[in-house]
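To start, the structure under review is shown below, and the notes come after it.
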Amino acid sequence: WEGEPYTTDPYTSADYKENTVNSNMCETLMIYTPDYTFKPNLAKAFTNPDPLTWVYDLRDDVTFWDGTKMTTDDVVYSMSRNLTDPASFYHYLYSNVKSIEATGPSQVTVKLTAPDYLFNRELAAYAGVVVQKKFAEAHVKDFGTPDVGVMCSGPFQFKSWTKGDNITLTRFDGWWNKEQTPKVKNLVFKFLTDEAAITAALQTGEIDGTYDPPLSGLTQLQGNTSGKLFYGSMPSNLTWTYANPEGAMKNPKMRQAIQLAVDWNGIAKALFKGTAVPIKAELPPTVFDDAKAQLEPAYAALPANGTPDIEKAKALVAEAGADGQKPVVLGTIASATGQAFGNAVVDGAKKAGINASLKVIQVDQYTNYLYDPKSREGVDMLFTDFWSNIPNALDWMGTTSTKGASFNQWGYSGVDDLYNSARAEKDDSKRGDITAQMMNKLAADNLTMGNGLQRASRLWMNNKITGAPATFTYVYAAWAQYLGGTA
């Protein structure tokens, strides 16, 4: 876990740094547990009485850190902020929502403009976060800042944020979930960015644990007896997005060629020390979720990915004609992982006769390249270590592959109709069938991402602590309540 968060405001949190902290403070109506089971959370139950209605019955034992009870007013306010505020990162997930109203002392009803069977699951991420209305309205301009923090109901409460050094949370003894009462009293999140410094601090015990310990330090950590590395599943694809529909990559033969030219197994071994595996589609099996029965056989039927086929890639480049001679620029982030990955991709591409080069982009500029077409002019592909809002295939493809989606730099619209049909389909099996069609269509078009690496979620814990879940759910839901040990 590296660096200082930008905010503790859950509405504008969508990255490792922010979510690792915020997940312990602010809770959601629904939840994915550490084994990716979907279930009610602050909402104790839900019903879908008709295709345009979702009804949520709320728990009556939830209190905020100041001792006040969570009410329907808080829930309606919290959901409405996602609905009405374009600055919320989760605003787009409310595109089918017509109204949000209290319909009972402990009941909230959401009315839709069109059937949406993804919406309910999205409430397990910050699309379903609940904050205290009174506090949020009193801090419209400074909610989530170092001086103010937030007011939520989670197992740990905001205590302080020392800029440039740490965020400290304290145990909330009034947390409603008595089956998981936290054992740890204080959580201190230190802001470190230097990989060598993080590795050293873990080995000496200056830091008790971290998610995502540096790859450069894995060998040292594996040999250190003061703690242990743990690995869990992760809904991720470390790959590239296709960012320029007018360049060489507009030719499908070029997209197929570069996919075949890359030594994915080699990258997994050299860069990730064997803690990543090549995947056969842009979405990894860890997001199959409620469509697992349909996606697993469809995924199994896709061509293997991992070992390069340079001769076939060369032939495809030749078949691409003039497009095969055009330059191909891969933009990557100025990090050890990003540059090592970029160099490996460019090396494979050159072996296949692709005129490829690497453009290294500074960390503070990289987001501009992902979201601003002007910034990425002249760049054909962009490195990404992508993970979805929730571990769900429809959510994944809705973010990467539908027209206007935040990670669809290509402007691809080839699965839009299927996506809309799937969201509107109540029957799980039928919705899964449509989702599998989407995956196959993206695979056939070699868009909108390369089939890259599903990496493992990494966790280091000093021997004096135990319990943190190793799976990637630490960015979706509270995890520190599981911590125990002698610290």
Using beta carbons and a limit of 8 Å, which pairs, at least six apart or on different chains, have the first residue in the stretch 292-303 and among the hydrophobic types (A, V, I, L, M, F, W, C) and the second one at pLDDT 95 or above and surrounded by fewer than 13 Cβ atoms within 10 Å (Cβ to Cβ)?
Ala293/Ser429
Determine whether the stretch 248-260 contains at least one residue that is assigned by TED's automatic domain parsing to the domain that holds Ile390, in a helix (DSSP H, G or I) and over 28 Å from Lys326 (Cβ atoms).
no
Only one of Thr193, Thr168, Thr199, Thr204 is among the hydroxyl-bearing types (Ser, Thr, Tyr) and either under 21 Å from Thr28 (Cα atoms) or buried (at least 19 other Cβ atoms within 10 Å of the Cβ) (or both); which?
Thr199
Just wondering, is there one or more residues in the stretch 263-277 that are among the aromatic types (Phe, Trp, Tyr), out of contact with any Lys or Arg (no Cβ under 7 Å at 6 or more places or on another chain) and under 28 Å from Glu319 (Cα atoms)?
yes
Spot the failing condition for Thr193; the list is (1) within 20 Å of Tyr6 (Cα to Cα); (2) among the β-branched types (Val, Ile, Thr); (3) out of contact with any Gly (no Cβ under 7 Å at 6 or more places or on another chain), and only one is missed.
(3)
Listed by first then second residue, the pairs whose first member lies in the stretch 65-82 and is within 13 Å of Met151 (Cβ to Cβ), whose partner is among the basic types (Lys, Arg), with beta carbons under 8 Å and at least 6 positions apart or on separate chains, are Thr68/Lys134; Met70/Arg59; Asp74/Lys133; Tyr77/Lys133; Ser78/Lys133
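Residues are listed down the side, and each one gets a yes or a no for (1) of a type in the set (D, E, K, R); (2) over 23 Å from the mean Cα position of the chain (by Cα); (3) on the phi > 0 side of the Ramachandran plot:
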{"site": "Tyr369", "(1), (2), (3)": "no, no, no"}
{"site": "Ser375", "(1), (2), (3)": "no, yes, no"}
{"site": "Asp385", "(1), (2), (3)": "yes, no, no"}
{"site": "Thr400", "(1), (2), (3)": "no, no, no"}
{"site": "Ala444", "(1), (2), (3)": "no, yes, no"}
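Conditions (1) basic (Lys, Arg); (2) within 21 Å of Tyr36 (Cα to Cα); (3) free of Cβ contacts under 8 Å to residues at least 12 places away in the same chain, marked per residue:
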| position | (1), (2), (3) |
| --- | --- |
| Asn237 | no, yes, no |
| Thr241 | no, no, no |
| Lys253 | yes, no, no |
| Lys269 | yes, no, yes |
| Thr286 | no, yes, no |
Give all pairs with beta carbons closer than 9 Å in which a residue from the stretch 424-451 that is in the same structural domain as Thr384 (by TED's automatic domain parsing) meets a residue that is part of a loop (DSSP other than H, G, I, E, B) and of a type in the set (Lys, Arg); count only pairs at least 6 apart in sequence or on separate chains.
Ala443/Lys280; Asn451/Lys280
Condition check: more than 22 Å from the chain's Cα centre (by Cα), part of a helix (DSSP H, G or I) and closer than 25 Å to Leu93 by Cα. Does Lys426 satisfy that?
no
Residue among Lys312, Lys292 that is of a type in the set (Lys, Arg) and closer than 24 Å to Ala470 by Cβ:
Lys292
Within the stretch 212-231, identify whether any single residue is within 26 Å of the chain's Cα centre (by Cα) and of a type in the set (Gly, Ala, Ser), and answer yes or no.
yes
Do any helices (runs of 4 or more DSSP H) lying entirely in the stretch 319-418 carry at least 2 residues that are assigned by TED's automatic domain parsing to the domain that holds Met449, surrounded by fewer than 16 Cβ atoms within 10 Å (Cβ to Cβ) and of a type in the set (D, E, K, R), and which ones are they?
336-351
How about the stretch 1-69: which strands (runs of 3 or more DSSP E) wholly inside it have at least 2 residues that are surrounded by fewer than 21 Cβ atoms within 10 Å (Cβ to Cβ) and out of contact with any helix residue (DSSP H, G or I) (no Cβ under 6 Å at 6 or more places or on another chain)?
38-40, 43-50, 53-58
Taking Ser401 as meeting all but one of (1) among the small types (Gly, Ala, Ser); (2) touching a Leu at 6+ places or on another chain (Cβ under 7 Å); (3) over 15 Å from Leu283 (Cβ atoms), write down the number of the exception.
(3)
Any residue at all in the stretch 131-148 that is touching a helix residue (DSSP H, G or I) at 6+ places or on another chain (Cβ under 9 Å), crowded, with 24+ Cβ neighbours inside 10 Å and not in a loop (DSSP other than H, G, I, E, B)?
no
Using the structure shown, decide if Arg431 is closer than 26 Å to Tyr474 by Cβ, modelled with pLDDT of 95 or more and crowded, with 18+ Cβ neighbours inside 10 Å.
no
Scan (1) within 22 Å of Thr28 (Cβ to Cβ); (2) touching a strand residue (DSSP E or B) at 6+ places or on another chain (Cβ under 9 Å); (3) assigned to a helix (DSSP H, G or I) for the single condition Trp175 breaks and write down its number.
(3)
Consider only pairs whose beta carbons are under 7 Å apart and that are at least six residues apart or on different chains; among these, list those whose first residue lies in the stretch 176-204 and is under 19 Å from Gly67 (Cα atoms) and whose second residue is surrounded by 16 or more Cβ atoms within 10 Å (Cβ to Cβ) and basic (Lys, Arg).
Trp176/Arg59; Pro182/Arg171; Lys185/Arg171
Reported set for the stretch 359-389 where residues are under 19 Å from Ser13 (Cα atoms) and either touching a His at 6+ places or on another chain (Cβ under 8 Å) or among the hydrophobic types (A, V, I, L, M, F, W, C) (or both) is Val363, Leu370, Phe386, Trp387
Mind checking whether some residue in the stretch 469-480 is assigned by TED's automatic domain parsing to the domain that holds Ala281, buried (at least 22 other Cβ atoms within 10 Å of the Cβ) and closer than 22 Å to Asp15 by Cβ?
no
For residues that are among the polar types (S, T, N, Q) and surrounded by 14 or more Cβ atoms within 10 Å (Cβ to Cβ), scanning just the stretch 274-309, find the one that is modelled with the lowest pLDDT.
Thr275
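The values are calculated or read from the model by the stated rules, or taken from the named source; none is laboratory data. As the structure is a prediction and not an experimental result, all values here were calculated from the model. Note that we place each Cβ from the backbone using ideal geometry, even for glycine, and neighbour counts take in every protein chain shown.
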